[in-house]
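K.L.:
My questions all concern the structure below.
The values are calculated or read from the model by the stated rules, or taken from the named source; none is laboratory data. Note that the coordinates shown come from a computational prediction; the quantities given were computed from them, not determined experimentally. FYI the Cβ positions are ideal-geometry reconstructions off the backbone, even for glycines, and counts take in every protein chain you see.
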Amino acid sequence: TQTVSQSDAHVTVFEGDSVELRCNYSYGGSIYLSWYIQHHGRGLQFLLKYYSGNPVVQGVNGFEAEFSKSDSSFHLRKASVHWSDSAVYFCAVSSNNNAGAKLTFGGGTRLTVRP
Amino acid sequence: AQTIHQWPVAEIKAVGSPLSLGCTIKGKSSPNLYWYWQATGGTLQQLFYSITVGQVESVVQLNLSASRPKDDQFILSTEKLLLSHSGFYLCAWSPAEQFFGPGTRLTVL
């Protein structure tokens, strides 16, 4: 069974600040990790994913995430946030990348960027 | 470019009434398609997936059913809505990572 935990339900920062949104997972085998963003009342947008290779992956809009097997983590970071980054961010895990792969989502972190 | 549409944008329905939500993907043949449910302010739960026409697999039972009548179409339905069906329904397609539609907000009264 795969589980995902996003420990911070809410994060508030100021425009131009850096931010890290935390994601921890538990799963014993090979794992696919991804991050999605959801603006209010909208569908989810894919940000980035990791399966293997370089543990730091780059995504859209200046986001990056770092995989750590020892910490079972896949934290999302951005060096300088913009007000438009305000949204809910979901971390997701899957045991494979095939059709029918069950994506398990974390509870989400609401990021508020103040001007 | 692939586009994914969902209809309707929003629905307000009575308990016990039927429901049909639709999802269409354009620009991609034989996509893998998925239905998700999201409670207000909550996380997403995968409901169904389909890898081909006429074939649908259930992930979570929520008194809902799904069908794939055409390669580019995925339908979510029920004959009797419950209050617990309220929420946000999202359709997604994947080659590998999943891409989501704009969603349908359902309110059951």
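K.L.:
Filter the range B:47-60 for residues that are within 14 Å of another protein chain (Cβ to nearest Cβ) and part of a loop (DSSP other than H, G, I, E, B); which is surrounded by the most Cβ atoms within 10 Å (Cβ to Cβ)?
P.N.:
B:Val59
Results for (1) within 30 Å of B:Trp7 (Cβ to Cβ); (2) of a type outside the set (Gly, Ala, Ser); (3) more than 11 Å from the chain's Cα centre (by Cα), shown as yes or no for each residue.
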residue	(1), (2), (3)
A:Ser5	no, no, no
A:Asp8	no, yes, yes
A:Glu15	no, yes, yes
A:Ser34	yes, no, no
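K.L.:
Need pairs with beta-carbon distance below 7 Å; first residue assigned to a loop (DSSP other than H, G, I, E, B) and within the range B:11-35, second polar (S, T, N, Q); sequence gap 6+ or separate chains.
P.N.:
Pairs found: B:Pro18/B:Thr78; B:Gly27/B:Gln2; B:Gly27/B:Thr3; B:Lys28/B:Gln2; B:Ser30/B:Thr52.
K.L.:
Out of curiosity, is B:Gln98 more than 12 Å from the chain's Cα centre (by Cα), modelled with pLDDT under 95, under 22 Å from A:Gln45 (Cα atoms) and within 14 Å of chain A (Cβ to nearest Cβ)?
P.N.:
Yes, satisfied.
K.L.:
Which of (1) part of a loop (DSSP other than H, G, I, E, B); (2) closer than 24 Å to B:Trp37 by Cα; (3) of a type in the set (D, E, K, R); (4) in contact (Cβ under 8 Å) with a residue 12 or more places away in the chain does A:Asp17 not meet, given it meets every other one?
P.N.:
Here A:Asp17 meets the rest and fails (2).
K.L.:
Sticking with this structure for a sec: Cβ-Cβ under 6 Å, sequence separation 6+ or interchain: first residue in the range A:96-110 and within 8 Å of another protein chain (Cβ to nearest Cβ) and surrounded by fewer than 19 Cβ atoms within 10 Å (Cβ to Cβ), partner in a loop (DSSP other than H, G, I, E, B) and at pLDDT 95 or above. Which pairs?
P.N.:
A:Gly107/A:Gln6
K.L.:
Now for a separate question. Looking for whichever is out of contact with any strand residue (DSSP E or B) (no Cβ under 8 Å at 6 or more places or on another chain) and polar (S, T, N, Q) here; the options are A:Ser73, A:Ser30, A:Ser18. Which one fits?
P.N.:
None of the others qualify; the one that does is A:Ser30.
K.L.:
Okay, moving on. Residue check: is A:Glu64 modelled with pLDDT of 95 or more, among the charged types (D, E, K, R), surrounded by 12 or more Cβ atoms within 10 Å (Cβ to Cβ) and closer than 15 Å to A:Ala87 by Cα?
P.N.:
It is false that A:Glu64 is modelled with pLDDT of 95 or more, among the charged types (D, E, K, R), surrounded by 12 or more Cβ atoms within 10 Å (Cβ to Cβ) and closer than 15 Å to A:Ala87 by Cα.
K.L.:
Go through the range B:34-46 residue by residue and tally those that are surrounded by 20 or more Cβ atoms within 10 Å (Cβ to Cβ) and within 15 Å of B:Leu106 (Cα to Cα).
P.N.:
Here the count works out to 5.
K.L.:
Would it be correct to say that A:Tyr36 is touching a residue at least 12 places away in the same chain (Cβ under 8 Å) and within 14 Å of chain B (Cβ to nearest Cβ)?
P.N.:
In short, yes.
K.L.:
Over 21 Å from B:Gln98 (Cβ atoms), out of contact with any Pro (no Cβ under 8 Å at 6 or more places or on another chain) and free of Cβ contacts under 8 Å to residues at least 40 places away in the same chain: does that describe A:Gly62?
P.N.:
So A:Gly62 fits the description; yes.
K.L.:
With respect to A:Ser86, determine if the residue is within 14 Å of chain B (Cβ to nearest Cβ), over 11 Å from the mean Cα position of the chain (by Cα), in contact (Cβ under 8 Å) with a residue 24 or more places away in the chain and closer than 22 Å to B:Gln38 by Cβ.
P.N.:
Taking the combined requirement at face value, the residue does not satisfy it.
K.L.:
With B:Ser65, B:Ser94, B:Ser77 as the choices, which residue is of a type in the set (Ser, Thr, Tyr), touching a residue at least 12 places away in the same chain (Cβ under 8 Å) and surrounded by 18 or more Cβ atoms within 10 Å (Cβ to Cβ)?
P.N.:
Exactly one residue qualifies, and that residue is B:Ser94.
K.L.:
Please determine, by comparing only the residues of the range A:51-99 that are part of a loop (DSSP other than H, G, I, E, B) and hydroxyl-bearing (Ser, Thr, Tyr), which one is nearest to A:Asp8 (Cα to Cα).
P.N.:
My answer is A:Ser86.
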